[in-house]
1. What are the residues in the range 83-108 that are surrounded by 16 or more Cβ atoms within 10 Å (Cβ to Cβ) and either more than 26 Å from V68 (Cβ to Cβ) or in contact with a Lys or Arg (Cβ under 9 Å, 6 or more places away or on another chain) (or both), if any?
2. Going by the conditions given, is P143 more than 10 Å from ligand 1 (Cβ to nearest atom), touching a Ser or Thr at 6+ places or on another chain (Cβ under 7 Å), at pLDDT 95 or above and over 23 Å from K46 (Cα atoms)?
3. Kindly indicate whether D61 is within 15 Å of ligand 2 (Cβ to nearest atom), at pLDDT 95 or above, touching a Ser or Thr at 6+ places or on another chain (Cβ under 6 Å) and at negative phi.
4. Give T9, T70 a once-over and let me know the one that is modelled with pLDDT of 95 or more and touching a His at 6+ places or on another chain (Cβ under 6 Å).
5. Could you give me the residue pairs with C-beta distances under 6 Å whose first residue belongs to the range 115-132 and is touching a residue at least 40 places away in the same chain (Cβ under 8 Å), whose second residue is of a type in the set (A, V, I, L, M, F, W, C) and within 11 Å of ligand 1 (Cβ to nearest atom) wherever it lies, and which are 6+ apart or on separate chains?
6. Considering only residues of the range 109-130 that are more than 13 Å from ligand 2 (Cβ to nearest atom) and among the hydrophobic types (A, V, I, L, M, F, W, C), which is surrounded by the most Cβ atoms within 10 Å (Cβ to Cβ)?
7. Given the structure, is G112 closer than 20 Å to I28 by Cβ, part of a loop (DSSP other than H, G, I, E, B), within 8 Å of ligand 1 (Cβ to nearest atom) and in contact with a Gly (Cβ under 7 Å, 6 or more places away or on another chain)?
8. Does the range 85-94 contain at least one residue that is assigned to a strand (DSSP E or B) and at pLDDT 95 or above?
Amino acid sequence: LQGLKFRETNLMRIVEESLAAVHCPDRIAVEVKAALHNEAVWMDHKEMVMVLKDLEQNAIDAMPEKGVLTVTADGDENNIILKVADTGTGIPEENIPLLFTPFFTTKAVGDGTGLGLPQAFVTVKGHNGEITIESNTDPGKGPTGTTVIITMPRKQKFQTKDAKVILHEEGD
Ligand SMILES: Nc1ncnc2c1ncn2[C@@H]1O[C@H](COP(=O)(O)OP(=O)(O)OP(=O)(O)O)[C@@H](O)[C@H]1O
Ligand SMILES: [Mg+2]
């Protein structure tokens, strides 16, 4: 699975480590909302910390003034939902189809390479999950900002530590 190292881990620890790894200026309030009855997940811990850290950095970059960064963890028995939301400028509609294209960036040279969202896409897909982005740039339509939503299975099908995965038998 694309070099991912799956192991049993704790979703809120992933959230906490991602926030600890990102520099959040004082002008931005951070909210963590957890509505999980069970925090146990089967994921590549390090890669998921990186995904959330990149999304949080994008959120912070989108809020040059005051703002709120909200990270939400939710889910049920089978799936988990992670949301990274900001109250920033929003993403213009014409840019939405470009977000997962490597090297698409609106940031100054040196500030961004345009690899955060493409890498997040690859990692989430590697966990058999989905990533979607909702955004509003028009204050006339409501509060501006962006929410990135990740849904993933809590566990992968083949997760027994020492199980050998045989996709098909060599027939004769
Ligand atoms: N939360 C957000 N609010 C507004 N724009 C965003 C947000 N997230 C992403 N974008 C837009 O999408 C572009 C691509 O994001 P992506 O994370 O892939 O690359 P980057 O942040 O520019 O660079 P890198 O992540 O490699 O440092 C950004 O340059 C920005 O224009
Ligand atoms: Mg980025």
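1. K83, T87
2. Details: more than 10 Å from ligand 1 (Cβ to nearest atom): yes; touching a Ser or Thr at 6+ places or on another chain (Cβ under 7 Å): yes; at pLDDT 95 or above: yes; over 23 Å from K46 (Cα atoms): yes.
Yes.
3. Numbers: within 15 Å of ligand 2 (Cβ to nearest atom): yes; at pLDDT 95 or above: yes; touching a Ser or Thr at 6+ places or on another chain (Cβ under 6 Å): no; at negative phi: yes.
Against the criterion (within 15 Å of ligand 2 (Cβ to nearest atom), at pLDDT 95 or above, touching a Ser or Thr at 6+ places or on another chain (Cβ under 6 Å) and at negative phi), D61 does not qualify.
4. Working: T70 fails: touching a His at 6+ places or on another chain (Cβ under 6 Å).
On inspection, the qualifying residue turns out to be T9.
5. Correct list of pairs: L117/L99; L117/F100; A120/V51; T123/V51.
6. Ranking the qualifying residues of the range 109-130, first place goes to V124.
7. On the way: closer than 20 Å to I28 by Cβ: yes; part of a loop (DSSP other than H, G, I, E, B): yes; within 8 Å of ligand 1 (Cβ to nearest atom): yes; in contact with a Gly (Cβ under 7 Å, 6 or more places away or on another chain): no.
Against the criterion (closer than 20 Å to I28 by Cβ, part of a loop (DSSP other than H, G, I, E, B), within 8 Å of ligand 1 (Cβ to nearest atom) and in contact with a Gly (Cβ under 7 Å, 6 or more places away or on another chain)), G112 does not qualify.
8. Of the residues in the range 85-94, the ones assigned to a strand (DSSP E or B) are 85-86.
Of the ones still in play, those that are also at pLDDT 95 or above are 85-86.
Scanning the range 85-94, I find at least one residue that is assigned to a strand (DSSP E or B) and at pLDDT 95 or above, so the answer is yes.
The values are calculated or read from the model by the stated rules, or taken from the named source; none is laboratory data. In this text, all values refer to a predicted model and were calculated from it rather than measured experimentally. Every residue, glycine as well, gets a Cβ built from its backbone with ideal geometry; the counts of neighbours run over all protein chains shown.
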